[in-house]
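Encoded as structure tokens, the structure appears first; notes follow it.
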Amino acid sequence: MIGSVTARARPRYREPRTATPLSRTTALPGMSNGDDEEETPEAEADAEGDGSEPDTSDAETEAEEAPDADAETEADAEAEEAEAEEPEEAEAEAEEPADEEAEDEAAEAEVEGTDESEEPAEEEADESTDADDEETVEISAETLEERLDAAEEAVETAATEADLDEVEADLDGIESDLEAADLPEPDEDDEDAEDPRADLEARLEEVRGALEEARGPYAEDVVAEIEDAQGTIEGGEWTEKGENEVAEAVSAFLDSVGEVLDTEFEADGEDTGSLVAALDEVAEAVADAGLDPDEDEETIASLMDAVAELSASLEEAEEWDDLTVVQKLRAQGFYDRLTPENRKDYPPELSVVRIAEAENDPERVLMALDYLTSDFMQENCIDALKRMGSAEAYDEMMSRAEKRNRDAIEVLGKIGNPEALETLHDYIEGESNPPLQKTTLRTVGEIGSEGSTQQVADRLVAEDSDVRSAAATALGHIGDTRAIAPLADVLADDEEDSVRAAAARALVAIGTERALEEAAEYAGDRAYVVQAEAERARDALGEEPEPEPAA
């Protein structure tokens, strides 16, 4: 009896492989692995039951295996049933190995395809990377120009800070690509040669500038503008009228900002400190308001308008620089002492200076010195200050003396403030400027501090004879007895009679007995100027002059 064949479930549909179809009449005895076995004619005849006479030995064998007719009949029936089922079973079994074979072959092809495709995929990735690198280097100037055009348009159409941030990121990318791009270099020998890289870099900076201008305004901008206004108020030289205008401008600003922020602001007074403090309060309120440049755009714009109006008002407020010289002097009361009766000179400002000198009013003279810059008025003001010698003029004269102004140095001598000596001692050193040294030595002598004795005595050997004479005279004014010996040496050895006479005069000025004796020894000197000073020394000692020798 041939056992029944159980059909396996079919796999999911796949493209069938081309194969020769199996005949439904082909017997499949004992098939287990799908291999076709060649059938003998005898077996084929038995399977088909074509009615041919069986072999005797086979019949005997069958007789032994089936001893009774019923068994034979049952076997024949089962054989017929098997014959009917065998074609279907054979077809199922034939399809099953074919499907399994196709599935195995597909799996092997897939594995082989994977192995074979891995290397090309890697090669394609490498080629892609190389292509990307090559593309980065080969970016053209035209492409970059187009991207810059797009970025510029994006700046113009941007509605929010986020939009501008995106444009900035695009510009950063353009800049990176520009740095990596292989662009043609200009001909160094051709001044008019085009330079694509330089042109693109300049265009990039232009677009970045437009981007920055498109940003904001921010709350920080409002605070910065307020701080600028504070600086203007503190640094301005306002006239009386200008001070009132500044106070009004700040008050209007406080009202405007108060309406925008729904807060009241008020200055404690109209002085500069109070106005600046009020602006500080506004700046802090703006900074703490947490204003967003997109959500609070209108609020920030209103605040910027208010600050702009404040700045414009401060610009229009009257400062001293806006006035003419006469207006400035009149505003400060310079002409108040001038009357038709005492107005004797021309210009009238000279009359004011002379009136101020007569009244010992150095402030009015200094005012004229500051505003009236003509050489004529400067000279008259300095002369008045020299005659007055007022301490009030020290700062102004010291400022000018530090610029080696000889007229100012002379005024310092009249004022007599020893604080000036630290600067003046430097001016008497060296040999480079004898006129300045002479002026300074006279001033140092007039100040008369013994702390200057050594510095002045060192100039007794200066190359210029006028400087040596000025040094000797200064030592006489100082009166320090330590100068007697160096002055006596000059009287004895200097080759210039004017210098020797100055030394003798200095000894007389010192006036001690020793100093007078040193000078008196030269009463019979060949040089009259020296002899005259020596006789003064002798007279001071009370000595009788020696009789004239007999003719």
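The values are calculated or read from the model by the stated rules, or taken from the named source; none is laboratory data. Being a predicted model, the structure only gives us computed values, none of them experimental. Backbone-built Cβ (ideal geometry, glycine too); neighbour counts: all protein chains shown.
Details
- The selection criterion, being closer than 30 Å to residue 299 by Cβ, in the same structural domain as residue 303 (by TED's automatic domain parsing) and surrounded by 16 or more Cβ atoms within 10 Å (Cβ to Cβ), holds for residue 223.
- All of 521, 517 fail the test of being in contact with a Leu (Cβ under 8 Å, 6 or more places away or on another chain) and of a type in the set (Asp, Glu), apart from 517.
Conditions (1) in contact with a Leu (Cβ under 7 Å, 6 or more places away or on another chain); (2) closer than 16 Å to residue 529 by Cα; (3) surrounded by fewer than 16 Cβ atoms within 10 Å (Cβ to Cβ), marked per residue:
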{"residue": "413", "(1), (2), (3)": "no, no, no"}
{"residue": "465", "(1), (2), (3)": "no, yes, no"}
{"residue": "483", "(1), (2), (3)": "yes, no, no"}
{"residue": "486", "(1), (2), (3)": "yes, no, no"}
{"residue": "499", "(1), (2), (3)": "no, yes, no"}
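- Residue 309 of a type in the set (D, E, K, R), in contact (Cβ under 8 Å) with a residue 12 or more places away in the chain, closer than 29 Å to residue 164 by Cβ and surrounded by fewer than 15 Cβ atoms within 10 Å (Cβ to Cβ): yes
- Among the candidates 313, 351, residue that is of a type in the set (S, T, N, Q) and either in the same structural domain as residue 160 (by TED's automatic domain parsing) or closer than 19 Å to residue 231 by Cα (or both): 313
- Identity of the residue in segment 337-386, hydroxyl-bearing (Ser, Thr, Tyr) and over 22 Å from residue 399 (Cα atoms), that ends up surrounded by the fewest Cβ atoms within 10 Å (Cβ to Cβ): 346
- Condition check for residue 200: at pLDDT below 95, crowded, with 16+ Cβ neighbours inside 10 Å and outside the structural domain of residue 153 (by TED's automatic domain parsing): no
- Residue that is farthest from residue 252 (Cα to Cα) [pool: residues in segment 280-296 that are surrounded by 15 or more Cβ atoms within 10 Å (Cβ to Cβ) and within 27 Å of the chain's Cα centre (by Cα)]: 293
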